[in-house]
1. Can you confirm whether A:Arg32 is touching a residue at least 60 places away in the same chain (Cβ under 8 Å) and either more than 7 Å from every other protein chain (Cβ to nearest Cβ) or assigned to a helix (DSSP H, G or I) (or both)?
2. Could you list, in sequence order, all residues of region A:7-26 that are without any contact (Cβ under 8 Å) to a residue 12 or more places away in the chain and away from every other protein chain (no Cβ under 11 Å)?
3. Please state which of the following conditions B:Leu71 fails to meet, knowing it meets all the rest: (1) modelled with pLDDT of 75 or more; (2) among the hydrophobic types (A, V, I, L, M, F, W, C); (3) assigned to a loop (DSSP other than H, G, I, E, B).
4. When A:Tyr191 is evaluated against the numbered criteria (1) in a strand (DSSP E or B); (2) within 24 Å of A:Val112 (Cα to Cα), which criterion, by number, is the only one it fails?
5. For region A:136-155, how many residues meet the condition of being away from chain B (no Cβ under 14 Å), among the aliphatic types (A, V, I, L, M) and buried (at least 23 other Cβ atoms within 10 Å of the Cβ)?
6. Which of the residues spanning region B:18-34 are surrounded by fewer than 22 Cβ atoms within 10 Å (Cβ to Cβ) and over 10 Å from the mean Cα position of the chain (by Cα)?
Amino acid sequence: MFIDWQAYEDGSLSSEERAQADMLLQTDRQARAELDGLRQFRSAIRQAGQAETVPTGTLNEMLRRAAPPQPRSQRTLFLTMGFAVAAALILGVLVGPRILDLAQPKSQPTSVLASSDPQELRTWLISNTRQPAPLITAQGCGARLVDGKYGPGWIAWDIEMNHQKYSIVGKKKSAWDMSRTTETTYEGMPYMLKGDDVGWECELDMVYFVSGGTSQGRLEVARAARRETPSIIRV
Amino acid sequence: MNWFSRPRDFEKSVQPELAVLYRVARRLGGNAEQAEDLVQTTLIKAYQAWERFDGRHLRSWLIRILRNEFLMNVRSARPELSLDEPEAPEVSQDPFWSDLAWKIQADQLLEELEKLPETYRVVIQLCDVEQLSYEEAAEAMDCPVGTIRSRLFRARALLRDRLTGVISLTEDNV
């Protein structure tokens, strides 16, 4: 008699089949050995699978990054916003005249630095262009910085996410052709669409667009980078 | 769900599932770094969709996101690759669970498991390693319960055959 011992273990035998199997188990040593063998197999594979090394610390850190901190209190928020406005005004006076003379369309880069270190890229961009640059880490969407670059009137970061390459290009709003831009919202925030590219506007009249990769990826990169672009006022 | 409590709830709920997600990511294929990338993307997607989660079978929900991400990556990286159900490999019909010497080392078991087609090694990972019920595994794999049952039957038999050397398949024809 053939008994499907996996079905027996899974509880998917009919009551009649199960009764036959139970009877066989009482009388047939080979049947008991079969069932024991299956159970040992499942136990062995479970133990082997669960014994694999898991990078717990890294995964916990990823989880913390995926779930941003809770909103700050109204008072803290008010103070922070007040400070940001004051800083923007001061910076507007001090560095406004030499902030990004980004009147040219994107052209061949003057220089490129390959690095995944956001601070290194930012320092390099600022020291070479003598202009403020945001600290784009691109980590909020699980991406990795590949390089930073600049040219006449523009700065850009290349990043990689899910084996896809994306570019984040920043220019003065007046330097972009905004005639064919449409508006959309993602996660409650407004974005601009220019062809396939996703953009947003931030301080100092700057506009950034994300290109490359997938449509969903562009939205995610834009969402993550948007949070970081206001830091331009802290230069 | 109160938005203000969302991050804490998410972190608290998902933290116990991290190891499972990582192991399933490894089983889907790729090295440790790729598995970490896949888990990270899954966590971001899960957080974005957290308010839409119905509260049932968190583990299945997370694995489903992870698997969808994996399939998206595979499709974009290798568009020529078929993601259809693999042709069912031939397995021995004779019952011989008892014939196996269950003193096989864990690394041997995992090595042979890795050689199975993705569909089969994942169903073993979900049902035998992570001990999901058929219903949970079906939800994670986005397929009927009956499909999980038949895949698991075949996957175990295939692994058993590999371990006993009844059939010798090369990596190329699996």
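The values are calculated or read from the model by the stated rules, or taken from the named source; none is laboratory data. Just so it is clear, the structure is predicted and the values come from calculations on it, not from any experiment. Glycine gets a Cβ as well: all are built from the backbone with ideal geometry, and neighbour counts include every protein chain shown.
1. In short, no.
2. Across region A:7-26, the qualifying residues are A:Leu13, A:Ser14, A:Ser15, A:Glu16, A:Arg18, A:Ala19, A:Asp22, A:Met23, A:Leu25, A:Gln26.
3. It is condition (3) that B:Leu71 fails.
4. Of everything listed in (1) in a strand (DSSP E or B); (2) within 24 Å of A:Val112 (Cα to Cα), A:Tyr191 misses just condition (2).
5. 2
6. Matches in region B:18-34: B:Leu18, B:Ala19, B:Gly30, B:Asn31, B:Ala32, B:Glu33, B:Gln34.
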